[in-house]
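Heads up, the thing below is written out as structure tokens.
No value in this document is a laboratory result; all are computed from the given coordinates. Predicted model, so just to flag it, every value in this text is computed and none were measured. Cβ coordinates were reconstructed from backbone atoms using ideal geometry, including for glycine residues, and neighbour counts include every protein chain displayed.
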Amino acid sequence: MIDIETKNKITKMWEEGFTGGEIASLLKITRNTVMGFLYRVKKGGRVFERTQIEKPPAEKTKKVALKKYTNKEITFSSEDETMEFKNIRLFDLSLNTCRYIVSEIDGIDTLYCGNETTKRPYCQHHHRICYKRTPLIKV
Ligand SMILES: [Zn+2]
């Protein structure tokens with residue numbers, strides 16, 4: 001319950017254009033209390049003469065859309081078929097071996113590419129597969 005004085009303050013501040021949240025924090029009550037009170041008053045037939053505070057229009061955010069991938073971009077080259085993998089196991093992986101999974105046997109055993117890498121997790125071939133540049137198009 002809120003006292004008469006608070007009710008009058010809420011009404012006055014609301015008519016001056018304060019928001020529910022602002023009134024709540026200024027009077028140290030919850031926003032729910034403020035909005036609930038205003039709702040009941042409005043429901044009771046009271047019409048507020050609320051001052052419209054002009055707010056600057058929200059800045060339009062620049063829309064950036066991701067270009068949709070076409071099938072063309074994800075088709076594999078003939079290089080994939082001729083590519084030879086060393087098919088090594090997890091414990092044979094080192095810092096300089098490609099960790100691209102080339103085959104999995106019922107989730108029990110996993111074979112990795114194992115080709116030589118330079119400061120990358122994947123060999124050049126698999127790096128190209130895993131890291132595609134995402135073209136950004138401004139709308
Ligand atoms: Zn590889």
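Determine the shape class of the range 92-139: with a ≥ b ≥ c the square roots of the Cα gyration tensor eigenvalues, call it rounded for a/c under 1.5, and otherwise prolate if a/b is greater than b/c, oblate otherwise.
Because a/c hits 1.5 or more and a/b fails to exceed b/c, the range 92-139 counts as oblate.
If I model a spin label as a point 7 Å beyond the Cα along the Cα-Cβ vector, how far apart are those points for Asp3 and Glu104 in nm?
6.8
What is the spin-label model distance, in nm, from Leu27 to Lys86 if the labels are put 7 Å beyond Cα along the C-beta direction?
Each label point is offset 7 Å from its Cα along the Cβ direction, giving 7.4 nm.
From the phi of every residue in the range 83-88, what ³J(HN,Hα) in whole Hz does the Karplus formula 6.51 cos²θ - 1.76 cosθ + 1.60 yield, where θ is phi - 60° and glycine or proline is x?
Along the range 83-88, the couplings run 4, 10, 10, 7, 6, 9 Hz.
Please work out whether the range 4-43 counts as rounded, prolate or oblate from its C-alpha gyration tensor, where a ≥ b ≥ c are the square roots of the eigenvalues and a/c under 1.5 means rounded, while otherwise a/b larger than b/c means prolate and anything else oblate?
Verdict is rounded for the range 4-43.
Under the rule of at least 5 residues apart or a separate chain, name every residue whose amide H is placed under 5 Å from the amide H of Thr117.
HN-HN under 5 Å from Thr117: Thr97, Cys98.
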